[in-house]
Amino acid sequence: MRDDLRGIWCIIAKDMRTYYLKPPAISWGIVFPIAWVLAFYLRNPVDFKGLIPGLLAMTALFSTTAAEAVVINFELRLGSLERLLLAPISMMAILLGKILGGAIFGLLMSSLVAVVCALFLNFDLDWISFLSILLPALLAFSAMGSLLCLMVKEVFEAQTLLNLPRFVMVFISGVVYPVEAMPKALQFLAHLFPLTYAVKGFQGVSGVSQGINVALHAAVLMAFFLIFFLPAANLLSKKFE
Amino acid sequence: MRVLADLRCRARISISILSVAAVARWCILTMKIKRARSRKSGLKIWGLLYCRKALSSLAYVMNASVKVLTPQECPKGNVVVVAGGACIADLCDLLLQHLHCPKRKECTVTSIAIKAEGLIKRYGDIVAVNGVSFDVEEGELFGFLGPNGAGKTTTIRMLTGLSKPTAGNVELLGLDIKANAATTKGFTGVVPEASNLYDELTALENLLFMGKLYGVRRKERYERAGMLLELFRLQEKRDRPFRTLSQGMKRSLTIAAALIHNPKILFLDEPTVGLDVMAARSLRSAIQKLRDQGMTIFLTTHYLEEADVLCDRIAIIVRGQIVAVEKPEELKKMAIKEQAIELTIRGSASILVEQLAALIGTKPIIVDSNTLRCSGTTNSLLPHICRAIQDAGAEIESINTIKPTLEEAFVRITGLSSSMMAMEKGGK
């Protein structure tokens, strides 16, 4: 257990140092969410506050998954992931280290967007409640990213594969258009994606929507984390058999 | 009969333990073994058949972690006690000092660092490794030789726990790698075929990261990193990112990274592939130094000369199966039983052909106008050959005994050409 904790910390620290400034992480994890936020703000600055929870959730999604593609696929391509597997730490710890590495990148980006919104747009936010949704959301997105990234080898393949669920989620999970206003079938589909719960959760903690059970949404996001984490661990194990 | 004798022997030991003296001795042994086990190393004790009783009593005291192999399982009349998690020095001491062994001075103690038993690896219908078994002794530099696709890397991946065997077992220092994954990984260092350290980190940072990952304490981490950079002559490059280093330096640093936690067993997968002559020579010298320090090294290579120069023993693997495991010299003898002599004569050599053919039994080959090669000779025939040449009025300019090379042995054993091995990975 102690070895595993040490291993997780080593992997996170190394990934932060090595991969956070890689071009794919910057373009998909930093530039893309900021561009979306600015585009929506410039289009309609008056009603922008209502969109902030969705954009925060989208920022968390894109930044974590973009970072996952970098921290996993760079190492898969170079073979350095094997190096970690040879160390006296469990495979679960390695995967958790990778997932947390992506989640921390997402935390930095989402927090940055939230701080900017709070400072310049008077966006009221209870920071503890905000983190209670943000952290499980980051874990769920990061685990989803790791699962998809482990299916391919190259970073560009991973980003392409990730775009499929990312864009589907952006359009049906209530980032720009409320889920309740969509047809029933799409509403059902929306509830199969973690982004929907993250958007709802942020709407609840920011007061944009009333009567949202934030704890329940956080719990669902944690369940999503497990749903993605376990097959990702299985896939990682199979990859090196 | 032997089984009965063994049972009788065990029964006698059980009875003898009831005596006060035996109980006292049992206590001493148990205490010692408990102390030894905590050190997490493995052991195999080889003794002569006469020691069987003594070894059995040792096994009895050491309970479940010991198995005594029967004479059928262990050829050459030896009895083997395999003791997982025991300390070699202490057990040697036990064997030689406490046990009443009539020929204890003849007992030799050998530890087994790597034990592979019936390893099989299948990928669908393809059998990459098919029933590979071998032992590597502690402190040995063991070569694993074979052409590309023979199963070398697959075997090394199974030995290091990176890949699960379809069937078979691997023990490192007496510990099963499946049951003791973290422990065995902790005392092994692995150098994969590709130099896969982190491009963005400097040489020093890469070593420190690996040290941290293996739980080496901060002070020791820095000390060992400095020592290894010095050993591999990378001290001046310590602050340069890995990606900017030359191919040879990258390889050296990859080996250094595998040594940062001071492993007991080092796995080297094709360490000199793609290196220039000087870099390869420098690496070989570093590997020899590590062997001299007592490290067990498992080396896979397809360079025959490298294996010949470096290895204490060599296993040859072809199409997933081991075809020979021997010392390089024995391999050469196994494959080429006949010695050849090359004679350079002043004047024409052709006149001696018939005379020498009658003496040796086979016709000598005319290498050039002055040189003959006589195969099928032995050293005892040499004076007769010299006399025959003198009798024919010829004068010997030089005599060379042509020893078989590992390359010739490899070709004979595997039926493959040695050039095929060199070509497959770019050769040297």
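The values are calculated or read from the model by the stated rules, or taken from the named source; none is laboratory data. Computed from a predicted model, the values in this text were never measured in an experiment. Positions of Cβ are generated from backbone atoms using ideal geometry, with glycine treated the same way; all protein chains shown enter the neighbour counts. Side chains included, ligands, DNA and RNA excluded: accessible areas come from the protein's heavy atoms. Shrake-Rupley method; radii C 1.70, N 1.55, O 1.52, S 1.80 Å.
Dipole of region A:2-239 (Lys/Arg Cβ +1, Asp/Glu Cβ -1, origin at the Cα centre): which of A:Val71, A:Gly54, A:Phe188 lies farthest to the positive side?
Selected residue: A:Val71.
Taking 45 Å as R0, compute the FRET efficiency from the Cβ-Cβ separation of A:Ala215 and B:Glu223 and round it to 0.05. Let's see the in-between values first.
Values: r = 50 Å, r/R0 = 1.12.
Given R0 = 45 Å and the Cβ-Cβ separation, E is 0.35.
Kindly rank A:114-126, B:280-292 from highest to lowest mean number of other beta carbons found within 10 Å of each residue. Spell out each step's value before the answer.
Working: A:114-126: 14.6, B:280-292: 16.3.
Final packing ranking: B:280-292, A:114-126.
Taking chain A as the reference, fit the longest principal axis to its C-alpha atoms, fit the long axis of helix A:214-239 to the helix C-alpha atoms, and give the angle between the two in degrees, 0 to 90, nearest 10.
It works out to around 30 degrees.
Convex hull volume of the Cα atoms in region B:337-403, per residue, in Å³? Mind dumping the intermediate values first?
Working: hull volume 4.8 nm³, N = 67.
With only Cα atoms used, region B:337-403 gives 72 Å³ per residue.
With a cap of 15 neighbouring Cβ atoms within 10 Å, and only residues DSSP puts in a loop, list the trypsin sites (Lys or Arg not before Pro) found in region B:188-273.
Details: sites: B:Lys212, B:Arg217, B:Arg218, B:Lys219, B:Arg221, B:Arg224, B:Arg233, B:Lys237, B:Arg238, B:Arg243, B:Lys250, B:Arg251, B:Lys264; in loops: B:Arg217, B:Arg233, B:Arg238, B:Lys264.
Taking region B:188-273 and a limit of 15 other Cβ atoms within 10 Å, the loop trypsin sites (Lys or Arg not before Pro) found are B:Arg217, B:Arg233.
Which entries in the list A:Lys153/B:Lys264; B:Lys152/B:Lys219; A:Lys14/A:Lys239; B:Lys164/B:Lys237 go over 31 Å, if you measure between the two C-alpha atoms of each? Please report the intermediate quantities before stating the final value.
Details: A:Lys153/B:Lys264 33 Å; B:Lys152/B:Lys219 37 Å; A:Lys14/A:Lys239 22 Å; B:Lys164/B:Lys237 37 Å.
Flagged as over cut-off: A:Lys153/B:Lys264; B:Lys152/B:Lys219; B:Lys164/B:Lys237.
Can you give me the angle between helix A:52-78 and the longest principal axis of chain A, using Cα atoms only, in degrees from 0 to 90, rounded to the nearest 10?
Compared with the principal axis, the helix lies near 10 degrees.
Leaving out same-chain residues fewer than 8 places away, which aspartates and glutamates sit with a Cα under 16 Å from that of B:Lys115?
Answer for B:Lys115, where 16 Å is the Cα cut-off: B:Glu73, B:Asp135, B:Glu137, B:Glu138, B:Glu140, B:Glu171, B:Asp176, B:Glu326, listed by chain and number.
Please give the helix A:155-172 orientation as an angle from the longest Cα principal axis of chain A, in degrees from 0 to 90, rounded to the nearest 10.
30
According to a simple spin-label model (label point 7 Å from Cα along Cα-to-Cβ), what is the distance in nm between B:Glu329 and A:Asn163?
Using points 7 Å along Cα→Cβ, the separation is 6.6 nm.
At B:Leu382 and B:Thr344, where each label point lies 7 Å from the Cα along Cα→Cβ, what is the point-to-point distance in nanometres?
Placing both labels 7 Å along Cα→Cβ, they lie 1.7 nm apart.
P(r) for chain A: what percent of alpha-carbon pairs falls in each 10 Å bin, starting at zero?
Cα pair-distance distribution for chain A, in percent: 8, 34, 35, 18, 5, 0.
Just report the Cα centroid separation between region B:382-398 and region A:152-195, whole Å.
Spelled out, the Cα-based centre of one part sits 92 Å from the other.
Can you pull out the buried accessible area for chains B and A, both sides counted, probe 1.4 Å, rounded to the nearest 100 Å²? Provide the component values of the computation, followed by the final result.
Details: alone 21390 and 11240 Å², together 30200 Å².
Looking at B and A, the buried total is near 2400 Å².
Using +1 at the C-beta of Lys and Arg and -1 at the C-beta of Asp and Glu, which of A:Leu119, A:Ile99, A:Ile34 has the Cα lying farthest in the positive direction of the dipole of region A:2-239?
A:Ile99
Mind listing the long-range amide H neighbours of B:Gly131? Cut-off is under 5 Å, sequence gap 5 or more, other chains count too, H placed in the peptide plane at 1.01 Å from N.
The list, which skips near neighbours in sequence, is B:Leu119, B:Ile120, B:Lys121.
Place a +1 charge on the Cβ of each Lys and Arg in region B:114-329 and a -1 charge on the Cβ of each Asp and Glu, then give the dipole magnitude about the Cα centre in debye, rounded to the nearest 20.
Dipole size: approximately 720 debye.
Roughly speaking, what is the stretch gain from A:Tyr41 to A:Met222, that is 0.36 nm per residue apart minus the C-alpha to C-alpha distance, in nm to one decimal? Could the numbers behind the result be given before it?
Values: separation 181, 0.36 × 181 = 65.16 nm, distance 3.07 nm.
That pair, A:Tyr41 and A:Met222, stretches by 62.1 nm at full extension.
Based on the alpha-carbon gyration tensor of region A:62-188, what equivalent-ellipsoid semi-axes (square roots of 5 times the eigenvalues) come out, in whole Å, largest first?
On the way: eigenvalues 176, 76, 32 Å².
Taking √(5λ) for each eigenvalue gives 30, 20, 13 Å, largest first.
Skipping prolines and chain starts, which residues have an amide H placed within reach, meaning under 5 Å, of the one on B:Ile112, given they are 5 or more residues away or on another chain?
Residues meeting the amide H criterion: B:Leu43, B:Lys44, B:Glu138.
To the nearest whole percent, what portion of all C-alpha pairs in region B:161-309 is separated by more than 23 angstrom? Please report the intermediate quantities before stating the final value.
On the way: 3930 of 11026 pairs.
I get 36 percent for the Cα pairs in region B:161-309 exceeding 23 Å.
In region A:14-36, which residues give up 40 Å² or more of accessible area once the other protein chains are added, compared with their chain alone (1.4 Å probe)?
Residues losing area: A:Lys14, A:Arg17, A:Thr18.
How shielded is A:84-92 by partner chains, expressed as the average number of their Cβ atoms within 10 Å of its Cβ atoms? Please list the in-between numbers first.
Details: counts 2, 6, 14, 10, 12, 7, 2, 1, 0.
Whole-number average of other-chain Cβ neighbours for A:84-92 is 6.
Label-point separation (nm) for B:Asp292 and B:Gln390, each offset 7 Å from Cα along Cα-to-Cβ?
4.4
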